[in-house]
Amino acid sequence: MERLQGIIVGSGHFAHIQMEAWAKVKGGAIIAVVSQDTEGARRLAEAHQVSHWGADSDIDKLIHELKPDFLDICTPPDSHFKYAKIAADQGISVLCQKPVAPSQEESEQLVRYCRDKGVPVMINENWRWQGWYREIRRIIDSGQLGRLFQVYFSMRPGDGFGQSPYPLQPYFKDMEKFLLYETGVHWIDTFRYLFGEIESVCCQMRTWNPLIKGEDAAIVLFNFVNGMTGIYDANRVVYATEVRPATYGWMNLEGELGNLRLDKDGRIFITLRGETEQEHAYSIPDGWKGGSVISTHQHFIDGLLSGDSFYFETEGEKYMISQRIVYACYQSVSEQRVVTIS
């Protein structure tokens with residue numbers, strides 16, 4: 001089997017999760033680490049038996065020496081376009097973390113730049129790859145719930161309270177747009193995967209912890225093209241008995257023939273019309289959040305090996321729709337109205 005090789009950029013919290021996932025991917029591997037934190041790059045490389053590492057300024061040299069097939073961009077959003085350009089100019093495929101860039105305009109520019117260079121770009125949106133959502137999609141497709149009416153998700157990770165909120169990713173505190181821009185986009189993209197395209201949104205936001213710049217609570221009402229209604233009810237400050245549980249919260253899905261409930265540990269329960277609730281048995285994949293990062297990376301490698309960049313579920317242009325919906329939520333708040341997605 002052909003084995004594609006990549007360089008990962010970044011050495012922060014999530015880079016460690018990604019490197020653990022890369023060790024389980026078939027047909028692809030990371031062969032070098034670069035970071036603005038040179039010592040962090042060294043530690044990450046050594047922890048995962050990667051022989052090449054260096055500072056941010058070493059990236060061009062390493063690309064020239066190693067001739068990688070792809071660049072895995074795992075840094076904060078304001079640096080994504082910089083690294084995507086470096087890769088695209090060298091004809092190297094791009095796997096880019098979300099949020100894609102600090103603004104929708106720059107995100108569109110990043111995707112267009114890669115497209116114009118003929119370089120495949122996939123956004124590293126792993127939420128839809130969580131094992132429970134892939135299983136819920138199979139349940140929906142089976143028809144056992146019948147026509148779907150409404151979905152409700154309560155997001156309660158409990159990590160935004162107090163004097164030191166978000167200790168794993170402290171830069172969250174300084175983001176002008178936070179909860180929907182950084183986190184809510186996960187559910188917008190996952191809702192699109194599960195239930196189809198979103199027609200309009202109505203949103204309200206709050207900032208409860210005064211130590212952060214952006215919003216840390218939001219409620220969004222989604223109207224789907226198929227007639228469904230969705231509610232995303234998110235608050236990162238309220239007390240949670242478990243901080244950052246596997247699913248970050250719980251979901252209820254209501255259908256004509258039955259209802260589905262997703263628990264915070266990834267278990268799924270189904271109540272068919274006229275019956276009592278039963279747990280739906282399935283095997284949750286190993287790895288971070290139901291094997292989501294492993295599955296995302298495997299999907300990226302499979303797409304590159306297929307030669308069809310539009311194979312990616314979160315190919316750049318496809319993913320721009322999810323980000324446009326995020327910005328429609330902010331527009332809804334500022335204008336205090338329902339916003340239709342163009």
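The values are calculated or read from the model by the stated rules, or taken from the named source; none is laboratory data. No experiment lies behind these values; they were computed from the predicted model shown. Cβ atoms come from the backbone with ideal geometry, glycine included; neighbour counts cover every protein chain shown. Protein only, heavy atoms only, side chains kept; ligands, DNA and RNA dropped before computing areas. Shrake-Rupley method; radii C 1.70, N 1.55, O 1.52, S 1.80 Å.
Worth a mention:
- Residue list for segment 19-48, restricted to those being over 17 Å from GLY290 (Cα atoms) and touching a residue at least 60 places away in the same chain (Cβ under 8 Å): LYS26, GLY27, GLY28
- Looking only at residues of segment 174-183 that are in a helix (DSSP H, G or I) and either acidic (Asp, Glu) or in contact with a strand residue (DSSP E or B) (Cβ under 6 Å, 6 or more places away or on another chain) (or both), we find that the one that is nearest to GLU313 (Cα to Cα) is GLU182.
- Test: residue in segment 33-50 that is among the aliphatic types (A, V, I, L, M), closer than 25 Å to ASP286 by Cα and open to solvent by 30 Å² or more (accessible area, probe 1.4 Å): yes
- Residues of segment 51-81 that turn out to be open to solvent by 70 Å² or more (accessible area, probe 1.4 Å), farther than 25 Å from GLU106 by Cα and either part of a strand (DSSP E or B) or not charged (D, E, K, R) (or both), as a count: 3
- Qualifying residue in segment 158-171 (condition: open to solvent by 10 Å² or more (accessible area, probe 1.4 Å), of a type in the set (Gly, Ala, Ser) and either in contact with a Leu (Cβ under 8 Å, 6 or more places away or on another chain) or under 15 Å from TYR248 (Cα atoms) (or both)): yes
- So GLY196, is it touching a Phe, Trp or Tyr at 6+ places or on another chain (Cβ under 7 Å), open to solvent by 20 Å² or more (accessible area, probe 1.4 Å) and of a type in the set (Gly, Ala, Ser): yes
- Lone qualifier among HIS52, HIS80, HIS16 - being touching a residue at least 12 places away in the same chain (Cβ under 8 Å), over 25 Å from LYS173 (Cα atoms) and not aliphatic (A, V, I, L, M): HIS52
- Output for segment 93-105, where each listed residue is touching an Asp or Glu at 6+ places or on another chain (Cβ under 7 Å) and surrounded by 21 or more Cβ atoms within 10 Å (Cβ to Cβ): SER93, LEU95, LYS98, PRO99
- ILE8 vs. criteria at pLDDT 95 or above and in contact with a strand residue (DSSP E or B) (Cβ under 8 Å, 6 or more places away or on another chain): yes
Okay, residues lined up against (1) modelled with pLDDT of 95 or more; (2) aromatic (Phe, Trp, Tyr); (3) open to solvent by less than 20 Å² (accessible area, probe 1.4 Å):
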site	(1), (2), (3)
PHE222	yes, yes, yes
GLY227	yes, no, no
ILE231	yes, no, no
ALA246	yes, no, no
MET251	yes, no, yes
GLY258	yes, no, yes
GLU275	yes, no, no
GLN278	yes, no, no
SER283	yes, no, no
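- Which listed residue is touching a residue at least 60 places away in the same chain (Cβ under 8 Å) and either in contact with a Lys or Arg (Cβ under 8 Å, 6 or more places away or on another chain) or among the charged types (D, E, K, R) (or both), from GLY266, GLY230, GLY258: GLY258
Quick grid of which residues meet (1) at pLDDT below 95; (2) part of a helix (DSSP H, G or I); (3) of a type in the set (D, E, K, R); (4) open to solvent by 50 Å² or more (accessible area, probe 1.4 Å):
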site	(1), (2), (3), (4)
LYS289	no, yes, yes, no
SER292	no, yes, no, no
HIS297	no, yes, no, no
PHE300	no, yes, no, no
PHE310	yes, yes, no, yes
LYS318	no, yes, yes, yes
SER322	no, yes, no, no
ILE325	no, yes, no, no
GLN331	no, yes, no, yes
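- Residue within segment 157-176 that is over 20 Å from the mean Cα position of the chain (by Cα) and of a type in the set (A, V, I, L, M) present: no
- Selected residue (criterion: nearest to GLU135 (Cα to Cα)) from residues of segment 192-207 that are free of Cβ contacts under 8 Å to residues at least 40 places away in the same chain and outside any strand (DSSP E or B): GLY196
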